[in-house]
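The values are calculated or read from the model by the stated rules, or taken from the named source; none is laboratory data. Everything numeric in this text was worked out from a predicted model, so none of it was measured. In this analysis, Cβ positions are derived from the backbone assuming ideal geometry, glycine residues included, and neighbour counts consider all displayed protein chains.
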Amino acid sequence: MRVLGIEGTAWCASAALYDAESDEIHIESDPYEPESGGIHPREAAEHMTEAIPTVIDRVLTHAEERYGPDAIDVVAFSRGPGLGPCLRTVGTAARALAGTLAVPLVGVNHMVAHLEIGRHESGFDNPVCLNASGANAHLLGYHDGRYRVLGETMDAGVGNAIDKFTRHIGWNHPGGPKVEVAAAEADPDELLELPYVVKGMDFSFSGISSAANDAYDDGVAVPGICHALQEHVFAMLTEVSERALSLTGADELVLGGGVGQNERLREMLETMCRERGATFFAPEPRLLRDNAGMIAVLGAKMAEVDDTMPIADSGVDPNFRPDDVPVTWRAGDPS
Ligand code: ATP
């Protein structure tokens with residue numbers, strides 16, 4: 001089975017071809033990069049409208065060159081969560097393609113795709129997943145036919161919390177990679193104290209973004225703030241991940257989402273897992289950040305069990321939660 005995946009929940013217009021037989025994932029992406037500040041929803045939507053046809057075209061050309069004229073068996077697209085106008089562009093493209101190619105259509109939850117790509121690449125059976133992305137942050141575990149939210153942010157997504165600080169100091173989106181570079185210039189033995197808020201397996205980032213902004217306004221050097229932001233935010237994520245492993249009894253942790261590209265976060269999670277005898281896995285960066293490869297891979301799993309949708313029911317859902325998704329492709333898996 002070969003699946004054309006289309007992703008476009010916010011900043012990244014992406015299309016991919018997944019060949020389930022060879023397990024090859026070919027991705028073409030065109031990210032939106034604002035000249036200044038964060039993601040402007042209108043500009044992101046305009047970028048999506050311009051970029052989606054181009055990335056799809058590149059993947060279709062690759063598919064035809066590689067596999068011939070009937071290369072696509074299924075079209076899968078990100079139904080949500082995300083920005084409504086971006087999602088609608090992607091939904092329209094997916095419906096048009098599925099109709100024209102006369103192949104089934106699969107609507108994929110973007111956050112479950114961030115999780116499933118880690119499970120797919122690691123070969124883990126039943127991991128806990130930490131999704132550390134721009135607009136979201138949560139811990140997911142499979143139980144009784146659903147991915148249950150074991151813990152989540154009470155306010156901002158983890159990437160957005162970091163980006164709020166970088167916007168304040170005049171850096172454009174994405175701020176996370178710039179914070180990682182700046183943090184490396186700080187004295188690792190000095191740690192600026194910032195709010196650390198964990199309640200059970202939930203956590204909050206709003207106070208830490210404001211405190212980092214205040215520290216900058218008070219003249220604290222940027223590398224020190226970046227170092228403190230990383231240490232606090234990632235320690236919070238590591239603490240709740242350990243609690244989730246302990247509660248579920250799982251001994252596998254996978255990381256998903258764009259913030260997962262950060263080496264310090266991966267190092268903390270790896271150390272925690274090693275110390276408690278668990279195994280940690282993070283996919284390669286191109287599969288961590290938003291990408292259509294993960295949509296195509298989950299699309300293939302869903303199509304294999306006929307979890308497809310009629311075009312008439314394929315509306316997008318900007319608030320699509322991961323625990324709203326019946327996990328049809330794992331029917332029969334022990335919880
Ligand atoms: P979501 O998947 O929740 O819709 P998103 O659309 O923002 O989120 P992602 O690609 O998952 O997309 O994540 C983007 C976020 O990752 C941005 O906030 C960016 O700053 C952050 N990020 C990227 N690289 C790094 C890094 N090296 N360190 C920290 N954060 C990073």
* To do: Could you check, for region 249-269, whether at least one of its residues is away from the ligand (no atom under 16 Å from the Cβ), on the phi > 0 side of the Ramachandran plot and surrounded by fewer than 20 Cβ atoms within 10 Å (Cβ to Cβ)?
  => yes
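Evaluate region 159-178: report whether one residue or more is within 19 Å of residue 234 (Cα to Cα) and more than 11 Å from the ligand (Cβ to nearest atom).
Start the filter on region 159-178 by keeping residues that are within 19 Å of residue 234 (Cα to Cα), which leaves 159-166, 174-178.
The next check asks that each one be more than 11 Å from the ligand (Cβ to nearest atom); those that pass are none.
Scanning region 159-178 turns up no residue that is within 19 Å of residue 234 (Cα to Cα) and more than 11 Å from the ligand (Cβ to nearest atom).
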* Asked: residue 211 fails exactly one of the following numbered conditions: (1) free of Cβ contacts under 8 Å to residues at least 24 places away in the same chain; (2) away from the ligand (no atom under 13 Å from the Cβ); (3) touching a Lys or Arg at 6+ places or on another chain (Cβ under 8 Å). What is the number of that condition?
  -> (3)
* **Number of positions in region 217-240 that are touching a helix residue (DSSP H, G or I) at 6+ places or on another chain (Cβ under 6 Å) and either within 24 Å of residue 120 (Cβ to Cβ) or surrounded by fewer than 19 Cβ atoms within 10 Å (Cβ to Cβ) (or both)** => 2
* Structure fact -> Residue hits (region 133-158; surrounded by fewer than 23 Cβ atoms within 10 Å (Cβ to Cβ), away from the ligand (no atom under 16 Å from the Cβ) and part of a strand (DSSP E or B)) are 141, 142, 143, 146, 148
* Asked: Which residues, taken from region 10-31, are assigned to a loop (DSSP other than H, G, I, E, B) and at pLDDT 95 or above?
  -> 20, 21, 22, 23
* Structure fact -> Reported set for region 223-248 where residues are within 16 Å of the ligand (Cβ to nearest atom) and of a type in the set (D, E, K, R) is 231
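Name the residues in region 3-35 that are among the charged types (D, E, K, R) and surrounded by 24 or more Cβ atoms within 10 Å (Cβ to Cβ), would you? Even if it seems obvious, please write down each step before you answer.
Just the residues of region 3-35 that are among the charged types (D, E, K, R), to begin with: 7, 19, 21, 23-24, 28, 30, 33, 35.
Passing the criteria: only 7.
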* Kindly list, by first and then second residue, each pair from a residue in region 118-132 that is touching a residue at least 24 places away in the same chain (Cβ under 8 Å) and within 16 Å of the ligand (Cβ to nearest atom) to a residue that is of a type in the set (S, T, N, Q) and not in a loop (DSSP other than H, G, I, E, B), limited to pairs with Cβ atoms under 8 Å and residues at least 6 apart or on different chains. => 130/241
* **First in region 134-146 and at positive phi, second anywhere and among the hydroxyl-bearing types (Ser, Thr, Tyr), Cβ under 9 Å, 6 or more apart** => 144/335; 145/328; 145/335
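With the condition kept exactly as written, say whether any residue in region 260-282 is under 23 Å from residue 100 (Cα atoms), among the hydroxyl-bearing types (Ser, Thr, Tyr) and either out of contact with any Pro (no Cβ under 8 Å at 6 or more places or on another chain) or in the same structural domain as residue 147 (by TED's automatic domain parsing) (or both).
Kept after step one, since they are under 23 Å from residue 100 (Cα atoms), are these residues of region 260-282: none.
No, there is no match, as no residue in region 260-282 is under 23 Å from residue 100 (Cα atoms), among the hydroxyl-bearing types (Ser, Thr, Tyr) and either out of contact with any Pro (no Cβ under 8 Å at 6 or more places or on another chain) or in the same structural domain as residue 147 (by TED's automatic domain parsing) (or both).
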* Within region 3-19, track down each residue that is away from the ligand (no atom under 12 Å from the Cβ) and of a type outside the set (A, V, I, L, M). => 5, 18, 19
* Out of curiosity, is residue 71 more than 14 Å from residue 292 (Cα to Cα), of a type in the set (A, V, I, L, M) and either surrounded by fewer than 19 Cβ atoms within 10 Å (Cβ to Cβ) or not assigned by TED's automatic domain parsing to the domain that holds residue 317 (or both)? -> yes
* **Whichever residue in region 182-195 is free of Cβ contacts under 8 Å to residues at least 40 places away in the same chain and of a type outside the set (D, E, K, R) and, among such residues, is nearest to residue 220 (Cα to Cα)** => 192
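Give the residues of region 163-210 that are in a loop (DSSP other than H, G, I, E, B), hydrophobic (A, V, I, L, M, F, W, C) and loosely packed, with under 15 Cβ neighbours inside 10 Å, sorted by residue number. Please lay out each step first, then the result.
Step one: filter region 163-210 for residues in a loop (DSSP other than H, G, I, E, B), giving 169-175, 184-196, 200-201, 205.
Checking the rest, the ones that are also hydrophobic (A, V, I, L, M, F, W, C) come to 169, 171, 184, 186, 191-192, 194, 201, 205.
Selection gives 184, 191.
Mind listing just one residue for me: the one in region 289-316 that is among the aliphatic types (A, V, I, L, M) and free of Cβ contacts under 8 Å to residues at least 60 places away in the same chain and, of those, surrounded by the fewest Cβ atoms within 10 Å (Cβ to Cβ)? Break it down stepwise before answering.
Here is the first cut: in region 289-316, the residues among the aliphatic types (A, V, I, L, M) are 292, 294-298, 300, 302-303, 305, 309, 311-312, 316.
From what is left, the residues that are free of Cβ contacts under 8 Å to residues at least 60 places away in the same chain are 305, 312.
On the way: 305: 11, 312: 7.
Looking at residues that are among the aliphatic types (A, V, I, L, M) and free of Cβ contacts under 8 Å to residues at least 60 places away in the same chain, I get 312.
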* Asked: Which condition number does residue 41 fail, the rest of (1) over 19 Å from the mean Cα position of the chain (by Cα); (2) free of Cβ contacts under 8 Å to residues at least 60 places away in the same chain being met?
  -> (1)
* With (1) surrounded by fewer than 16 Cβ atoms within 10 Å (Cβ to Cβ); (2) under 19 Å from residue 16 (Cβ atoms); (3) within 16 Å of the ligand (Cβ to nearest atom) as the list, and residue 319 as the residue in question, which single condition is left unmet? -> (2)
